[in-house]
Structure formats: C-alpha cells, structure tokens
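Q: Here it is: the structure, laid out below.
The values are calculated or read from the model by the stated rules, or taken from the named source; none is laboratory data. Computed from a predicted model, the values in this text were never measured in an experiment. Here the Cβ positions follow ideal geometry from the backbone for every residue, glycine too, while neighbour counts run over all protein chains shown. With ligands, DNA and RNA removed, areas are computed over all heavy atoms of the protein, side chains included. Shrake-Rupley method; radii C 1.70, N 1.55, O 1.52, S 1.80 Å.
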Amino acid sequence: MVVGNKLQVLDALDVAKTQWYHFTAIIIAGMGFFTDAYDLFCISLVTKLLGRIYYHVDGAKSPGSLPPNVSAAVNGVAFCGTLAGQLFFGWLGDKLGRKKVYGMTLMLMVICSIASGLSFSSNPKAVMATLCFFRFWLGFGIGGDYPLSATIMSEYANKKTRGAFIAAVFAMQGFGILGGGIFAIIISAAFMASFHAPPYEVDPVGSTVPEADYVWRIVLMVGALPAALTYYWRLKMPETARYTALVAKNAKQAASDMSKVLQMDIEAEPQKIEQEKIRYGLFSKEFAKRHGLHLLGTTTTWFLLDIAFYSQNLFQKDIFSAIGWIPSAKTMNALEEVYKIARAQTLIALCSTVPGYWFTVAFIDIMGRFAIQLMGFFFMTVFMFALAIPYDHWIHKDNRIGFVVMYSLTFFFANFGPNATTFVVPAEIFPARLRSTCHGISAAAGKLGAMVGAFGFLYLAQNKDKAKADAGYPAGIGVKNSLIVLGVINALGFLFTFLVPESKGKSLEEMSGENEDNGEGEAGASSSSSSNH
C-alpha cells in the first residue's frame, strides 16, 4: 500500500484526536435521525386516536378503529417515501456533494412534519389523504438523511473511533423514540387534566372530546422542531474533505476547509489528485469484482434485520394489550388510550431500545462491526424462538413479566447488534464517489424489509380463526407461528453477515481500495481486496 500517495488532508482527518467538532457533527447529523424516529414511531400512538375520532360507529361495542387499508396506508406511506428518498438522495449526494443535499432533506422534513399535522377538513377521507400525502414526502426527506448522515459522519471521523461516531448518529434514533413517547405522555396528560371524559363503554360519543383532534396534530408537528433548530448549523458545516478531494477533485478547497475544522495548517496537494487513472462506475464489472459481494452483504443483512425489527415494533401495542399492560380499549377514553400506549412504548424504549444503541457506540471500535452483528443476530434468533415455541406458556398472567423481559432482550440485541452495524458498515467500505449511493441502496433494502415486516406481519399475525381476527382482516397464521418465521429470518441474517468485511481501525481509503487506484492503477488493487477479508 502506498502511504506516500495519500492526501495529507485525509491523513489529518484519520489521525485527528477526538475533539469538539466531532461532537457537533454527531448532534447535527443525529438530529435528522431524532426526527426520523420520532415521526415513524409517534404515528403508532396516533393511529388509535385517529380511529376513534374519524371512524366512530354509533352503537358499536368497541371504539372506532382505522380500516385495514387506511391503517396500512397511514403507517406505510412514510416507508415508501423513505425508500424512494434513500435511493434518490443517496445518488444525488454523490453527484452534487453531501452538504448541498443535506440542507434540502432537512427542509423537506421540517415542512412536511408541520404539514402532516395540518391535514385539513373534517371528512375522514380528506384528512387521511392529506395526512398520507405529507407523510410520503416526509418519508422522502427522512430517506435522504440516512445515506447523507452516515456518509458525512464517516468522512469527518478519525480512524480509531469512526464506528462509534457513526453509531452515535444512529443512536439518536433511540432518543427520538423516547422523545416521541415522553411528549405524547405530556400532551395527553395535559389534555386529560383539562378535558374530562368518561370511558367508551359509559358514553361512546363523549369519551372522545372534540379537543382530542388537536392532540395528534400537535404530536406530529413537534417532530419538526429539533430538525429546524439544526438547519442553520447544517448550512455552516463545510463539505467533507473526502468528497471535495476525491470526487470533486479540488484539493485546495479540501485543505482549506479542513484547516478551519481541525485548526491546523494542511497543505493542498493537487498533484496527487491528478494521478488517478481508473474510475469504475456502480454497474461496472470492476465494481462487481471488488464490492459486489459487499453490497450484497450490506443489502441482505439490512433487509432481513428490518423485517424482524419493524414487525416487532408493530406487534408492540398488540403484545402489550395481550399481556395486559394496556387495558381493553372500551374501558378507556380516547386520551387515556394515547397516554397508556405512549407510556408502555416509552418504558420499553428506556429499558431496552436506548441502552442497546449506546452499548454499540461503546463497543463497536473494540469488538468490531462483524462480531457485534453476528452476536446480535444470534441472540435475536435465540430469543425469538424462546418466545415462539412456548408461546402458550407466556400468555398466562403469571408469566407476563418474563415475556416482557424476553421481548426487551430481543430489542436490546437488535440495537446492540445489526440495527446499528448495518447502518455503520455501508458508510465505510465503498469508494467515496459511490459511498452515499451504496449506503442509500443498502438502506432502501432495509426499508423494503421494514415494509414486509410491517405489512406482511400485520396480516400474518392475525388469529387463525377468521372470527377472532381483527375487524376487516383475513385469518392469519397466529402470533406464535409469526414469531417462528421471524426466528428463521434472524438466522438467515446471521449467515449473510459473513459477506460483510470488517472495517474496524482501517482508513476509508484502505477499505475501498482507493489508495491503490491512484498512483499505479491496477498494481496495488489486488493486494487490497485480498486483505479485506
């Protein structure tokens, strides 16, 4: 490997001591994820309320709920937007530069967050249609945030703690889930204190106070605040040196940008940049040879993980109801229901979700990405089967706590495991000019998995007996069999992890083989690809 060929500016970034700009970068990049998690997870709190407000049926025994197709649309349209956004902005981030595109995605998120709370009119169809429209575009902005946040963080970080920094950006998701839950608790408690209402079984119409319509709107709109606050700092961040030097080929600009950030003198080395000969594209044989299996590894593992991850999140409120954490809907009024679901979700987040992310941050540069991902998939498989096989045992009242503990552990190992590492690795192992695109492709595969998890399992987990299934759904295979399927999916994730190389402690150029390409074209390239594994 020719070290002499490496740009001084990139080397300075690689060996920089951890300093203040690293932390500001984490906050700036992480706020998008805060919003992302807040928005994706608060919708599950809101759907029950929307059902009561807009789909109330006079004389029905239980409160109104969203029809399956509406429920799927409201929950899923943001995923569709995210998938499209990941592919589009991932590609754009390599074309125009990370920074330019970064401001765009944030603005889109802020505007659509606010607009989704302003879904107009009182006719259910119109409200749902406008809500879905804005949630699609909200998802589109959120999608752009995935590849860009990861790429920016990986390109700013130093070699030694790069994994921890990228994982820390992703861990802001945990705070987003927490933030969403806590805020929903506060708002619903405040409204409950101001507007008293009887339970549904006492007074079906009176149990949903007219003011409840404000609750879901406020909850959705507040998601825009943290993102809006970081907009100014996003605009002030300079373009990453790796993009400026390796993709835009402007060594001078890269050196001067990073001199300011690192507060040291860096000489520009334009002559080194001009030497590069080969530039293969995403669909070339050369890419397939060098990174084809890597891309297959990052996409499949993220796809499989998200099937399991998102199906769990959707099971959540059903699981809580099944084990009696949340009383049956008819015994509560509308606001009380929001409060109870939010409380249960927040507890799970506090106990298992958030700690998992930070365990990854702490250990990723010690254990390495590969070990954490394997371990995570392994334990997720174990706990899934442990929940599924004696499922009838877990349903009994006495065993509830055990069920929740097992369930929390599955989540803990998703976050101290593949949920975090599948986000980190694609930002490290591809060449700079394709980095954001490849991360976007991997993330989009993940969102495809999320859709399978969210919708496939919505139908799969229904009771085998059509009469006992939720209103409007066909009979499914039951929760027990669904959990077995998820166990198998996690086991597959374990196997596909073997395609992904370890990037711990290596520079980005070393991982992608860009050093070798510069001076002597092909000569050093083979040595790098063989040493990756």
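Q: If only one of Ala227, Ala190, Ala212 is open to solvent by less than 60 Å² (accessible area, probe 1.4 Å), without any contact (Cβ under 8 Å) to a residue 24 or more places away in the chain, farther than 20 Å from Ser507 by Cβ and among the small types (Gly, Ala, Ser), which one is it? Working first, answer last.
A: Working: Ala227 fails: without any contact (Cβ under 8 Å) to a residue 24 or more places away in the chain; Ala212 fails: without any contact (Cβ under 8 Å) to a residue 24 or more places away in the chain.
The conditions single out Ala190.
Q: How about the stretch 438-464: which of its residues are buried (at least 24 other Cβ atoms within 10 Å of the Cβ) and of a type in the set (Phe, Trp, Tyr)?
A: Phe457
Q: For residues in the stretch 374-401 being farther than 29 Å from Glu502 by Cβ and open to solvent by 60 Å² or more (accessible area, probe 1.4 Å), which is modelled with the highest pLDDT?
A: Ile389
Q: For the stretch 443-487, how many residues are basic (Lys, Arg) and without any contact (Cβ under 8 Å) to a residue 24 or more places away in the chain? Reasoning before the result, please.
A: Within the stretch 443-487, the subset basic (Lys, Arg) is 447, 464, 466, 468, 480.
After this cut, where a residue has to be without any contact (Cβ under 8 Å) to a residue 24 or more places away in the chain as well, the list is 464, 466, 468.
Residues that pass the stated criteria total 3.
Q: Same structure again: Any chance you could count how many residues in the stretch 59-73 are touching a Cys at 6+ places or on another chain (Cβ under 7 Å) and buried (at least 21 other Cβ atoms within 10 Å of the Cβ)? Can you show your working first?
A: So in the stretch 59-73, the residues touching a Cys at 6+ places or on another chain (Cβ under 7 Å) come out as 73.
Among the residues that remain, those that are also buried (at least 21 other Cβ atoms within 10 Å of the Cβ) are: none.
Matching residues across the stretch 59-73 total 0.
Q: Consider only pairs whose beta carbons are under 6 Å apart and that are at least six residues apart or on different chains; among these, list those whose first residue lies in the stretch 422-442 and is under 12 Å from Met153 (Cβ atoms) and whose second residue is buried (at least 24 other Cβ atoms within 10 Å of the Cβ) and aromatic (Phe, Trp, Tyr).
A: Phe423/Phe170
Matching residues to (1) within 30 Å of Val261 (Cα to Cα); (2) of a type in the set (D, E, K, R); (3) open to solvent by less than 30 Å² (accessible area, probe 1.4 Å); (4) part of a helix (DSSP H, G or I):
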| position | (1), (2), (3), (4) |
| --- | --- |
| Ile27 | yes, no, no, yes |
| Gly32 | yes, no, yes, yes |
| Asp36 | yes, yes, yes, yes |
| Lys48 | no, yes, no, yes |
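Q: Here's another thing I want to ask about it. Determine if the stretch 437-452 includes at least one residue that is farther than 21 Å from Asp365 by Cα and charged (D, E, K, R). Talk me through it step by step, then tell me what you get.
A: If we filter the stretch 437-452 for residues that are farther than 21 Å from Asp365 by Cα, which is where we start, we get 437-438, 440-452.
With the extra rule that they be charged (D, E, K, R), the set shrinks to 447.
Yes: the stretch 437-452 contains one or more residues that are farther than 21 Å from Asp365 by Cα and charged (D, E, K, R).
Q: Condition first: aromatic (Phe, Trp, Tyr) and over 22 Å from Phe359 (Cβ atoms). Now tell me which residues in the stretch 418-455 satisfy that.
A: So in the stretch 418-455, the residues aromatic (Phe, Trp, Tyr) come out as 423, 430, 455.
Phe430, Phe455, listed by residue number.
Q: Out of Gly519, Gly513, Gly472, which single residue is on the phi > 0 side of the Ramachandran plot, surrounded by fewer than 18 Cβ atoms within 10 Å (Cβ to Cβ) and either small (Gly, Ala, Ser) or modelled with pLDDT of 80 or more (or both)? Step through it out loud before you land on a result.
A: On the way: Gly519 fails: on the phi > 0 side of the Ramachandran plot; Gly513 fails: surrounded by fewer than 18 Cβ atoms within 10 Å (Cβ to Cβ).
The unique qualifying residue is Gly472.
Q: On to the next question. Only one of (1) part of a helix (DSSP H, G or I); (2) at pLDDT below 85 fails for Val205. Which number is that?
A: Only one criterion in (1) part of a helix (DSSP H, G or I); (2) at pLDDT below 85 is unmet by Val205, namely (1).
Residues checked against (1) modelled with pLDDT of 80 or more; (2) surrounded by fewer than 18 Cβ atoms within 10 Å (Cβ to Cβ):
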position	(1), (2)
Ser284	no, yes
Gly292	yes, yes
Gln312	no, no
Thr331	yes, yes
Ala344	yes, no
Thr353	no, no
Val361	yes, no
Ile372	yes, no
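Q: Given the conditions (1) open to solvent by 40 Å² or more (accessible area, probe 1.4 Å); (2) part of a helix (DSSP H, G or I); (3) not hydrophobic (A, V, I, L, M, F, W, C), which single one is not true for Ser149?
A: Exception for Ser149: condition (1).
Q: Go through the stretch 234-266 and count every residue that is open to solvent by 70 Å² or more (accessible area, probe 1.4 Å) and either at pLDDT below 70 or polar (S, T, N, Q) (or both).
A: Counting residues in the stretch 234-266 that are open to solvent by 70 Å² or more (accessible area, probe 1.4 Å) and either at pLDDT below 70 or polar (S, T, N, Q) (or both) gives 5.
Q: Then there is this: Within the stretch 389-399, is there a residue that is in contact (Cβ under 8 Å) with a residue 40 or more places away in the chain and in contact with a Pro (Cβ under 6 Å, 6 or more places away or on another chain)?
A: no
Q: Then there's this: Output the qualifying pairs, or none if there are none: Cβ atoms under 9 angstrom, residues six or more apart or on different chains, first residue in the stretch 105-128 and at positive phi and surrounded by 18 or more Cβ atoms within 10 Å (Cβ to Cβ), second residue among the polar types (S, T, N, Q) and in a loop (DSSP other than H, G, I, E, B).
A: Close Cβ pairs (under 9 Å, with a partner that is among the polar types (S, T, N, Q) and in a loop (DSSP other than H, G, I, E, B)) do not exist here.
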